[in-house]
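**Q** Structure incoming, see below.
Coordinate-derived values only; no laboratory data. None of these values were measured; they are calculated from a predicted model. We place every Cβ from the backbone using ideal geometry, glycine too, and count neighbours over all the protein chains shown.
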Amino acid sequence: MILTLDLGLKTGYAIGTQGKLLEHGMLKLPNKQKGDRYFFFGQWLAEKHKTYNFQKIVFELVNFIGDRTSPCSAHAYGGYKAILESFAYANQISIETLTVREIKQAFAEKSNCGKEKIIQKVNEHGFNVTDDNEADALAIFLITTKDKHHDYTTGNRLN
C-alpha cells in the first residue's frame with residue numbers, strides 16, 4: 001500500500017496499490033491557532049495509516065530557492081515534511097521523494113510544463129480533478145505504481 005502526497009497549504013493525496021486506487025483528494029487543514037494544522041496533519045496520517053497500513057510514502061520534494069512561493073506555504077511545507085518524516089520513521093515506513101521536475105518529466109514528458117498540463121494528463125486517466133495539488137498527488141501515484149498508462153474509469157490501457 002502506498003501513500004503519495006503533494007505537501008502544502010492544500011495537500012493533495014492518493015492511497016492505493018498498483019492497479020487499484022483506494023482514495024484520493026485534497027486536504028486543507030485548519031489554521032486557527034499556531035501549530036494546529038501540524039497537529040491535525042499528524043492525526044490524519046495516523047488515521048489513514050490505521051485504515052490502509054501503507055508501507056511506502058512518496059511525496060513531492062520542493063526546492064524553494066528562487067521560487068515565488070509565499071513564506072506561509074514554505075513554512076507549511078517544512079512543517080508537514082518534518083511530521084511526515086518523523087511519522088515514517090516511527091512506523092518503519094519507507095519514504096521516497098520526486099522533485100517537481102522529475103514528476104513533470106515522467107508524467108507529462110516536459111519538465112517545465114504548467115499545472116494545467118498535469119491536471120489534463122491526470123484527467124486522461126479517467127479522473128475529474130480540478131485542483132493541482134490533488135493532480136500532483138495522483139501523478140506521483142501513477143508514476144510510483146507504474147500505472148501511467150491505466151485508465152481508472154474503464155480499466156483499459158492508455159496509449
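**Q** Could you tell me the relative contact order of the chain? Use alpha-carbon pairs under 8 Å, at least six residues apart, and round to a whole percent. Show your work: numbers first, answer last.
**A** On the way: 255 pairs, mean separation 46.2, N = 159.
About 29 percent, as a whole number.
**Q** Continuing with this model, one more query. Once phi is turned into θ = phi - 60°, what whole-Hz ³J(HN,Hα) does the Karplus curve with 6.51, -1.76 and 1.60 give for every residue of segment 85-95, x standing for Gly and Pro?
**A** For segment 85-95, the Karplus curve yields 5, 5, 4, 4, 4, 5, 9, 6, 9, 5, 10 Hz.
**Q** How much net charge surrounds N133 when only the other residues with a Cβ under 10 Å from the Cβ of N133 are counted, with Lys and Arg +1 and Asp and Glu -1? Write out the running numbers ahead of the final one.
**A** Numbers: positive: K10, K28, K115; negative: D6, E60, D131, D132, E134, D136.
So the surrounding residues net to -3.
**Q** Another question about this same structure. Quick one: which residues, 5 or more positions from L29 or on another chain, have an amide H under 5 Å from its amide H? H modelled 1.01 Å from N in the peptide plane, none for Pro or chain starts.
**A** T11
**Q** With just the Cα atoms defining each centre, how far is segment 1-22 from segment 37-61? Give it in Å.
**A** Measuring centre to centre over Cα atoms gives 9 Å.
**Q** Let me ask you something else. Just rank D6, D131, fewest to most, by other beta-carbon atoms within 10 angstrom. Please report the intermediate quantities before stating the final value.
**A** Values: D6 28, D131 16.
So the residues, fewest neighbours to most, are D131, D6.
**Q** Now, a different point. Based on other C-beta atoms within 10 Å, arrange V100, V58 from fewest to most. Working shown, then result.
**A** Values: V100 17, V58 22.
Ranking V100, V58 by Cβ neighbours within 10 Å, fewest first, gives V100, V58.
**Q** On to the next question. Which trypsin sites (Lys or Arg not before Pro) from segment 1-102 combine a DSSP loop assignment with at most 11 other Cβ atoms within 10 Å?
**A** Numbers: sites: K10, K20, K28, K32, K34, R37, K48, K50, K56, R68, K81, R101; in loops: K32, K34, R68.
Of the trypsin sites (Lys or Arg not before Pro), the ones in loops of segment 1-102 whose Cβ has at most 11 other Cβ atoms within 10 Å are K32, K34, R68.
**Q** Next question. Count of lysine pairs in segment 2-144 with Cα atoms under 16 Å apart, counting only pairs 8 or more residues apart in sequence or on different chains?
**A** Going through segment 2-144 pair by pair, I get 13.
**Q** Within segment 77-96, what residues put their amide N at less than 11 Å from the label point 7 Å along the Cα-to-Cβ vector of L61?
**A** Label zone hits: 96.
**Q** Now for a separate question. With θ set to phi - 60°, apply the Karplus curve 6.51 cos²θ - 1.76 cosθ + 1.60 along segment 129-145 and write out the HN-Hα couplings as whole Hz, x wherever there is a Gly or Pro.
**A** 9, 10, 8, 5, 5, 5, 4, 4, 4, 5, 4, 4, 4, 5, 5, 5, 8
**Q** A further question on this structure: If the chain between W44 and A82 were fully stretched, how many nm would it gain, using 0.36 nm times the residue separation less the Cα-Cα distance?
**A** On the way: separation 38, 0.36 × 38 = 13.68 nm, distance 1.46 nm.
Extra length available between W44 and A82 comes to 12.2 nm.
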